[in-house]
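J.: Please see the structure below; I have some questions.
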Amino acid sequence: MQLTAFRLFKYRNIQDSGLVKLADRLTCIVGKNQSGKTNLLKGLQKFNPHDKSVKYDVRSDWPRGGRRNKNENQVVCEAHFDLDDEREELAALAHPVLPATRAVVTKNYAGQYSVTFPNYVFPDVLNPNDVERICANLKIPEMPLGEPFVCALGECIEEVRRSAHQGHFTQLAIQAELHRKKLERAESPDHLLKQNESQFVAEYVNLVGQISYEIAALLTIKRQAEQCIIKHLPTFIYMDDYRTLDGNAHLDQVLQRLDQPLPQDETFLMIFHLAGLDLKKLVELGHSSDPSTIRERQYDLQDAGEMLTNAIADRWAQCPFRVQFRADGQRFFTEIEELDKNIGMLPLEEQSRGFKWFFSFDLRFMHDSGGTFAKCVLLLDEPGMHLHPGSQDDLLRRFDAYALQNSLIYTTHLPFLVDLREPSRIHVIKEREDMSASVSNDLAASGPDEKLTLQAALGMKAAQRELVAHQNLVVAGADELFILTAFSSLLERSGRPGLADDVAIVAAGSAAGIVYRAIFMVGQGLEVVALFNSDEEGREQEAMLRTKWLTRYKNTHSSTVLLGNALGEPGDLGIEDLFSEKTYLRKAEEVHAAALTRAGVKSVAPVGSGTLAARVARGFAKVGVSFDQEAVSKVIRKELQELRKMPYLSDIGRETADKAERLFAFLNNRFST
């Protein structure tokens, strides 16, 4: 099952976190220090912790100032799950089909779970298949019996079955004695028949007593469904201590401290557990000078290194490595070979800080997940704080890999750990007026500290603040930025209106980049108009931003624009369509002049439909020449850069100037005045 949402109640500084809806399997929660991030994760961890000694404690976890209202029955955590493999097990309980696809599980301070199925109700009755199994031996025996006895026995069996299916196990105990008397009265006068009947009556009474006992132990279909969900709950693993492992130790000293191990001993013992090493045996063998014993010891260490390598190293194709263990007397060494660097084995201590951090993190997760790396809810409190920005970016990629088979929630106040690629993953934790904490995916509701983190993630640092205005036109890339900036300048110098002076143009890098860039800017209270090309990708991304995100910020004036709608032209249009077909084609032929000459071609005609650049590319392909759109764009940008110094529009043509003026008028009207 996969965690899709959670909510905490009355846990430390969290009165009600609000329902935190998770973005698929990876969620980032941004918040300042002391805002409640740790409480949020620890409150969630205790829902089903890896360490079973970690429990909700109403004495220490109840919010301060509310001691008179302490209640063991108070629900602390509500978790929502999408069902997966467990649906097959639940299907055996439902008839005729199982429409249940989701479950909501709560846990109170007393540690009691409660399960509901939002789209299905399991009946609170016994499973008839279980009852039939228990009653299977309740039948008329194959032996000579009198007809009155058989008739009375049939009535008794029917009554017992009816009571069993109704779950009346106390009634069954009463019926056993009543049926004894009824059957004895129906016994045959024939001596042989009476002997058989008397023998069976005793067996029957014992059988009904056993049925009563087993029925009492049965769970209803509802309770079985609830137990199925509780049994399959994922393990919640909380990590906030990201100590890097030491690669060497004195084995005999670690053994002496087993009752009270040091922190570094605990990490070593974890390595031994994962690699299948026996500390006591290694210490004993380390005292021997016998060559065969030394070889046996080294063989165990080599085998353990291979075992750990197979379990961990091949999970990360981007950085494959091999683990090797060595021992000299009581001194133990861990060595690593990064296979793509060809520098051989090096002690763990000599590896980069980033590598040691990732290696230690992987081992800890492997240990806490029982070696599976899967089906867990991984809760990471401020990971990567001591990694440099490059390694923090590597950490985001690791998170993607972990989230393939786990739900991962992490908290941070570090800009480089805010993943701009997926804005739906980002939530902010904020303090209410009463100092309690809540979580929201409304980025506009973030506090000053969270805003700074999000702005830094966007690159809007103090030295760059002039790059972002209150009103912003967000476009896909450098081509759009250069062309629109140059055209606006040329129009204005020719006495015609361009883009409004207080609007800044921001290049997002791609159509998808427009979406997350616009979301973050709107979330910071900035006004945004997002301009998309009118091609398939542009229409898809525009619809996503308009329907999925901007609807959340109803009080803003931000909006989306498709280029074709702004120009009043149908079909697929890109920024190059501001130019006339003749002008753009001339530039393309100039850039590809040498290739066209080699192909024996003097000119090219656009082919098919779509954006101008796409039609020109197909025309070049038709004559056997590969079209380099980026090279054409560079020439156009260079010429536009030079045109910015000129006072007239003649070089771009009247058609282009009219289109540009029409576009800017449309865009200006989209901004608030």
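The values are calculated or read from the model by the stated rules, or taken from the named source; none is laboratory data. Bear in mind the structure is a predicted one, so any value in this text is a computation, not a measurement. Every residue, glycine as well, gets a Cβ built from its backbone with ideal geometry; the counts of neighbours run over all protein chains shown.
J.: Pick out the one residue from ARG326, ARG297 that is surrounded by 14 or more Cβ atoms within 10 Å (Cβ to Cβ), charged (D, E, K, R), over 23 Å from SER360 (Cβ atoms) and at pLDDT 90 or above.
T.: Numbers: ARG326 fails: over 23 Å from SER360 (Cβ atoms).
Exactly one of ARG326, ARG297 is surrounded by 14 or more Cβ atoms within 10 Å (Cβ to Cβ), charged (D, E, K, R), over 23 Å from SER360 (Cβ atoms) and at pLDDT 90 or above, namely ARG297.
J.: Given LEU282, LEU339, LEU308, which one is in the same structural domain as LEU245 (by TED's automatic domain parsing), modelled with pLDDT under 90 and crowded, with 19+ Cβ neighbours inside 10 Å? Before you say what the answer is, go through the steps one by one.
T.: Numbers: LEU282 fails: modelled with pLDDT under 90; LEU339 fails: crowded, with 19+ Cβ neighbours inside 10 Å.
Selected residue: LEU308, the only one of LEU282, LEU339, LEU308 that is in the same structural domain as LEU245 (by TED's automatic domain parsing), modelled with pLDDT under 90 and crowded, with 19+ Cβ neighbours inside 10 Å.
J.: Read through the list (1) farther than 30 Å from LEU44 by Cα; (2) buried (at least 17 other Cβ atoms within 10 Å of the Cβ); (3) not polar (S, T, N, Q), then give the number of the only condition that TYR238 fails.
T.: Result: TYR238 fails condition (1) only.
J.: Is at least one residue of segment 611-626 within 30 Å of LEU473 (Cα to Cα), within 41 Å of the chain's Cα centre (by Cα) and loosely packed, with under 13 Cβ neighbours inside 10 Å? Spell out the reasoning first.
T.: In the first step, residues of segment 611-626 are kept if they are within 30 Å of LEU473 (Cα to Cα); the result is 611-617.
Filter again for within 41 Å of the chain's Cα centre (by Cα), leaving 611-615, 617.
Narrowing further to those that are loosely packed, with under 13 Cβ neighbours inside 10 Å: none.
Scanning segment 611-626, I find no residue that is within 30 Å of LEU473 (Cα to Cα), within 41 Å of the chain's Cα centre (by Cα) and loosely packed, with under 13 Cβ neighbours inside 10 Å, so the answer is no.
J.: Looking at segment 359-368, is at least one residue of a type outside the set (Lys, Arg), surrounded by fewer than 19 Cβ atoms within 10 Å (Cβ to Cβ) and not in a helix (DSSP H, G or I)?
T.: no
J.: Within segment 508-526, which residues are buried (at least 18 other Cβ atoms within 10 Å of the Cβ) and more than 19 Å from ASN441 (Cβ to Cβ)?
T.: Matches in segment 508-526: ALA508, ALA511, GLY513, ILE514.
J.: Next question, about the same structure. Can you tell me how many residues in segment 448-495 are surrounded by fewer than 16 Cβ atoms within 10 Å (Cβ to Cβ), at pLDDT 80 or above and either outside the structural domain of ALA631 (by TED's automatic domain parsing) or outside any helix (DSSP H, G or I) (or both)?
T.: Qualifying residue count for the region: 3.
J.: Can you find a residue that is in contact with a His (Cβ under 8 Å, 6 or more places away or on another chain), under 25 Å from TYR402 (Cβ atoms), not in a loop (DSSP other than H, G, I, E, B) and not charged (D, E, K, R) anywhere in segment 30-49?
T.: First, pick out the residues of segment 30-49 that are in contact with a His (Cβ under 8 Å, 6 or more places away or on another chain): 30-33.
Within this subset, residues satisfying the condition of being under 25 Å from TYR402 (Cβ atoms) are 30-31, 33.
Those still in the list that are not in a loop (DSSP other than H, G, I, E, B) too: 30.
Pick out the ones that are also not charged (D, E, K, R) and you get 30.
Checked against the condition, which is being in contact with a His (Cβ under 8 Å, 6 or more places away or on another chain), under 25 Å from TYR402 (Cβ atoms), not in a loop (DSSP other than H, G, I, E, B) and not charged (D, E, K, R), segment 30-49 yields at least one hit.
J.: Kindly indicate whether any position in segment 148-161 is acidic (Asp, Glu) and under 28 Å from ALA91 (Cα atoms).
T.: Applying the first criterion (acidic (Asp, Glu)) to segment 148-161 yields 155, 158-159.
Okay, now just the ones that are also under 28 Å from ALA91 (Cα atoms), so none.
Looking through segment 148-161, none of the residues is acidic (Asp, Glu) and under 28 Å from ALA91 (Cα atoms).
J.: How many residues are out of contact with any strand residue (DSSP E or B) (no Cβ under 7 Å at 6 or more places or on another chain) and outside any helix (DSSP H, G or I) if we restrict to segment 192-232?
T.: 2
J.: Please work out if LEU346 is in the same structural domain as LEU251 (by TED's automatic domain parsing), of a type outside the set (Lys, Arg) and in contact (Cβ under 8 Å) with a residue 24 or more places away in the chain.
T.: Details: in the same structural domain as LEU251 (by TED's automatic domain parsing): yes; of a type outside the set (Lys, Arg): yes; in contact (Cβ under 8 Å) with a residue 24 or more places away in the chain: no.
For LEU346, the condition - in the same structural domain as LEU251 (by TED's automatic domain parsing), of a type outside the set (Lys, Arg) and in contact (Cβ under 8 Å) with a residue 24 or more places away in the chain - is not met.
J.: Just wondering, is there one or more residues in segment 51-59 that are assigned to a strand (DSSP E or B) and at pLDDT 95 or above?
T.: Step one: of segment 51-59, the residues assigned to a strand (DSSP E or B) are none.
No - not one qualifying residue is present in segment 51-59.
J.: Scan PHE149, PHE47 and give me the residue that is within 30 Å of TYR213 (Cβ to Cβ) and not acidic (Asp, Glu).
T.: Numbers: PHE47 fails: within 30 Å of TYR213 (Cβ to Cβ).
Being within 30 Å of TYR213 (Cβ to Cβ) and not acidic (Asp, Glu) holds for just one of PHE149, PHE47, which is PHE149.
J.: Further question on the same structure: Has segment 570-588 got at least one residue that is acidic (Asp, Glu), buried (at least 19 other Cβ atoms within 10 Å of the Cβ) and touching an Asp or Glu at 6+ places or on another chain (Cβ under 6 Å)? Explain how you work it out, then say what you get.
T.: Quick first cut of segment 570-588, residues acidic (Asp, Glu) only: 572, 576-577, 581.
Filter once more, keeping what is buried (at least 19 other Cβ atoms within 10 Å of the Cβ): 572, 576-577.
From what's left, touching an Asp or Glu at 6+ places or on another chain (Cβ under 6 Å): 572.
Among the residues of segment 570-588, at least one is acidic (Asp, Glu), buried (at least 19 other Cβ atoms within 10 Å of the Cβ) and touching an Asp or Glu at 6+ places or on another chain (Cβ under 6 Å), which makes the answer yes.
Yes or no, residue by residue, for (1) under 20 Å from LEU218 (Cβ atoms); (2) modelled with pLDDT of 95 or more:
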residue	(1), (2)
ASN137	yes, no
ILE140	no, no
PRO144	no, no
ALA152	no, yes
GLU155	no, yes
THR170	yes, no
ILE174	yes, no
LYS194	no, no
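J.: Suppose we keep only residues that are of a type in the set (S, T, N, Q) and closer than 18 Å to PRO234 by Cα within segment 398-421. Which one would you say is modelled with the lowest pLDDT?
T.: So, considering only residues that are of a type in the set (S, T, N, Q) and closer than 18 Å to PRO234 by Cα, the one modelled with the lowest pLDDT is GLN405.
J.: Return the pair list, or none, for Cβ contacts closer than 7 Å from residues in segment 116-141 that are of a type in the set (Val, Ile, Thr) to residues that are outside any loop (DSSP other than H, G, I, E, B) and loosely packed, with under 13 Cβ neighbours inside 10 Å, at least 6 apart or on different chains.
T.: ILE140/GLY154
J.: Inside segment 13-41, can you point out the residues that are of a type in the set (D, E, K, R), over 14 Å from LEU408 (Cα atoms) and out of contact with any Lys or Arg (no Cβ under 8 Å at 6 or more places or on another chain)?
T.: As a first pass, look at segment 13-41 and keep what is of a type in the set (D, E, K, R): 16, 21, 24-25, 32, 37.
After this cut, where a residue has to be over 14 Å from LEU408 (Cα atoms) as well, the list is 16, 32, 37.
Within segment 13-41, LYS32, LYS37 qualify.
J.: Out of everything in segment 11-50 that is of a type in the set (Lys, Arg) and modelled with pLDDT of 95 or more, what residue ends up being farthest from LYS430 (Cα to Cα)?
T.: Keep residues of segment 11-50 that are of a type in the set (Lys, Arg), which gives 12, 21, 25, 32, 37, 42, 46.
Filter once more, so that each one left must be modelled with pLDDT of 95 or more: 42, 46.
Working: LYS42: 17, LYS46: 22 Å.
Within segment 11-50, the match that is farthest from LYS430 (Cα to Cα) is LYS46.
J.: Looking only at residues in segment 333-343 that are touching a residue at least 12 places away in the same chain (Cβ under 8 Å) and charged (D, E, K, R), which one is farthest from GLY286 (Cα to Cα)?
T.: Within segment 333-343, the first condition is being touching a residue at least 12 places away in the same chain (Cβ under 8 Å), and the residues that meet it are 333-340.
Those left that are additionally charged (D, E, K, R): 335, 337-338, 340.
Working: GLU335: 19, GLU337: 25, GLU338: 29, ASP340: 34 Å.
Selected residue: ASP340.
J.: For segment 617-673: of the residues being among the β-branched types (Val, Ile, Thr) and closer than 16 Å to PHE482 by Cα, which is modelled with the lowest pLDDT? Walk me through how you get there before you give the answer.
T.: Here is the first cut: in segment 617-673, the ones among the β-branched types (Val, Ile, Thr) are 623, 625, 632, 635-636, 652, 656, 673.
Within this subset, residues satisfying the condition of being closer than 16 Å to PHE482 by Cα are 632, 635-636, 652, 656.
Working: VAL632: 92, VAL635: 87, ILE636: 86, ILE652: 69, THR656: 90.
The selected residue is ILE652.
J.: Within segment 531-538, does at least one residue satisfy the condition of being in the same structural domain as GLU661 (by TED's automatic domain parsing), under 26 Å from ASN441 (Cα atoms), assigned to a helix (DSSP H, G or I) and not aromatic (Phe, Trp, Tyr)? Steps first, answer last, please.
T.: Step one: filter segment 531-538 for residues in the same structural domain as GLU661 (by TED's automatic domain parsing), giving 531-538.
Going one step further and asking which of them are under 26 Å from ASN441 (Cα atoms), we end up with 531-532, 537-538.
Checking which are assigned to a helix (DSSP H, G or I) leaves us with 537-538.
Remaining after also requiring not aromatic (Phe, Trp, Tyr): 537-538.
Yes; the residues of segment 531-538 include at least one that is in the same structural domain as GLU661 (by TED's automatic domain parsing), under 26 Å from ASN441 (Cα atoms), assigned to a helix (DSSP H, G or I) and not aromatic (Phe, Trp, Tyr).
J.: Being over 21 Å from GLU536 (Cα atoms) and surrounded by fewer than 15 Cβ atoms within 10 Å (Cβ to Cβ) is the filter; apply it to segment 548-569 and report the residue that is modelled with the highest pLDDT. First the steps, then the outcome.
T.: Initial filter on segment 548-569 (over 21 Å from GLU536 (Cα atoms)): 551-558.
This time we only want the ones that are surrounded by fewer than 15 Cβ atoms within 10 Å (Cβ to Cβ), so: 551-552, 554-555, 557.
Working: THR551: 86, ARG552: 80, LYS554: 73, ASN555: 74, HIS557: 83.
Looking at the filtered set, the residue picked out is THR551.
J.: Quick one: in segment 237-274, of everything that is acidic (Asp, Glu) and touching a Ser or Thr at 6+ places or on another chain (Cβ under 9 Å), which residue is farthest from GLN351 (Cα to Cα)?
T.: In the first step, residues of segment 237-274 are kept if they are acidic (Asp, Glu); the result is 240-241, 246, 252, 259, 265-266.
After this cut, where a residue has to be touching a Ser or Thr at 6+ places or on another chain (Cβ under 9 Å) as well, the list is 240, 246.
Values: ASP240: 23, ASP246: 11 Å.
Taking the candidates together, the pick is ASP240.
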